[in-house]
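Step one of this worksheet: look at the structure below.
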Amino acid sequence: NIVNPNKMLYSYNFSFDDLAKINTPASNNITVSNSRLSLTSGTQGIMVSIEKTTTVSVSSVHLLVNGEQLSLANVQFFISADGTDNWQSVLINNLTSVTNTGTQLKLRIVLSSSLTYIDSLALLFK
């Protein structure tokens, strides 16, 4: 179950059933298989989402993730709310104030372990 402890108003959800929310040219060494995101080869894989145009300027986010081996050594998460590649690190299950607010939200995931996989995630925001 995913809960909303910080009373966020909106969400950008990923179930990894397909590649629809993944920016394929910007992503590498990752795969979506059996409804999971994982590393396909090498020591690092990067997934960049497509931009989600929001109806509000994103000022804070709360990241919730379901998967295995989700330690900081194995996977890192970054967001950009202004549509640029000015990435800001976010931690799982922590409220984060966005430094570059905006309405063009995207997510970047850096996988560093073949043991790590992500079943789903929700980027809650307001």
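For the pair the stretch 73-95 / the stretch 1-38, the C-alpha centres are spaced 13 Å from each other. Listed by chain and number, the lysines whose alpha-carbon sits under 16 Å from that of K126, ignoring those within fewer than 8 places in the same chain, are K7, K52, K106. With every protein chain in place and a 1.4 angstrom probe, the accessible-area ranking of T103, T43, largest first, reads T43, T103.
Loop-resident trypsin sites (Lys or Arg not before Pro) (DSSP state other than H, G, I, E or B) in the stretch 1-109 with no more than 12 further Cβ atoms inside 10 Å of their Cβ: K7.
Dividing the mean sequence gap of close Cα pairs (under 8 Å, 6+ apart) by how many residues the stretch 36-116 holds gives a relative contact order of 47 percent.
Computed in the context of the full set of protein chains, the accessible area of the stretch 1-95 at 1.4 Å probe radius has 46% of its extent on carbon or sulfur. In the context of the full set of protein chains, residues of the chain present 50 Å² of accessible surface per residue (probe radius 1.4 Å, heavy atoms only).
The values are calculated or read from the model by the stated rules, or taken from the named source; none is laboratory data. In this text, all values refer to a predicted model and were calculated from it rather than measured experimentally. Counting neighbours? That spans all protein chains shown, and the Cβs are built from the backbone with ideal geometry, glycine included. SASA here: full protein model, heavy atoms, side chains in, ligands and nucleic acids out. Shrake-Rupley method; radii C 1.70, N 1.55, O 1.52, S 1.80 Å.
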